[in-house]
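Take a look at the structure set out below.
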Amino acid sequence: ERYAATLVTNVTDETRKTIRAVISHGFREQVTVRDIAKQLRAIIGLNERQATAMFNKWQKLVRAGAPQELIERQMRQQGTRAIRDRAMLIARSETMAASNAGQLEAWRQGRGAGLVDSDLVKEWIVTNDDRLCPICEPLDGNQVAIEEMFPGGVLQPPMHPGCRCTTGLVPPR
């Protein structure tokens, strides 16, 4: 709950609080990411990039002389799709953030209870596929103490919206 919605931009403080509430409830109740995204659709709006893309498409259709009904239908479809995509991105990112934060807290508590070896460190793990981003790729395999920040100034992933990274607890190299 403490860190939810920190990566969400272009929203009011009230919207951020509402997103936090939806994410926290969804995580506690084991709601699927898809269902969390559906709840977020009613809360969020378009971001600046999406709004600009919609305006550009509207201008193109008007200049082309498209009928008003077609313009309205395409704008409605594009807006619905953009909000759906943004909601899914937020739900995935925030669910990953909550999962990684929960894992970090479990390690802290385990270490405090003597169940986790105090010599172990956390290691950044990327999803090494064709969608691996240039932000996270150099972090792969970085090791730091459990309480230390990774390069880039985060305790655990996500580093950015859409980040699919996680951490593991490993012996230091």
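The values are calculated or read from the model by the stated rules, or taken from the named source; none is laboratory data. Keep in mind that this is a model prediction, so the values were computed, not measured. All Cβ positions, glycine included, derive from the backbone under ideal geometry; neighbour counts span all protein chains shown. Surface accessibility is based on the protein's heavy atoms, side chains included, excluding ligands, DNA and RNA. Shrake-Rupley method; radii C 1.70, N 1.55, O 1.52, S 1.80 Å.
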Task: Pairs where the first residue, in segment 35-46, is within 13 Å of Ser24 (Cα to Cα) and the second is open to solvent by less than 80 Å² (accessible area, probe 1.4 Å) and part of a loop (DSSP other than H, G, I, E, B), C-beta under 9 Å, 6+ apart - done: Gln39/Val31
Task: Test for Ile135: is it in contact with a Cys (Cβ under 9 Å, 6 or more places away or on another chain) and either of a type outside the set (Lys, Arg) or under 26 Å from Asn47 (Cα atoms) (or both) - done: yes
Open item on the list: Looking at Arg108, Arg76, can you tell me which residue is without any contact (Cβ under 8 Å) to a residue 40 or more places away in the chain and over 29 Å from Ala53 (Cα atoms)?
Closed with: Arg108
- [ ] Output the helices (runs of 4 or more DSSP H) that fall wholly within segment 19-138 and possess 2 or more residues being more than 26 Å from Val154 (Cα to Cα) and open to solvent by less than 50 Å² (accessible area, probe 1.4 Å), or say none.
- [x] 48-63, 68-112
Task: segment 79-95, subset in contact (Cβ under 8 Å) with a residue 60 or more places away in the chain and among the β-branched types (Val, Ile, Thr), residue nearest to Gly162 (Cα to Cα) - done: Ile90
Open item on the list: With the requirement that a residue be surrounded by 14 or more Cβ atoms within 10 Å (Cβ to Cβ) and of a type in the set (Gly, Ala, Ser), what does segment 141-173 give you?
Closed with: Gly152, Gly162
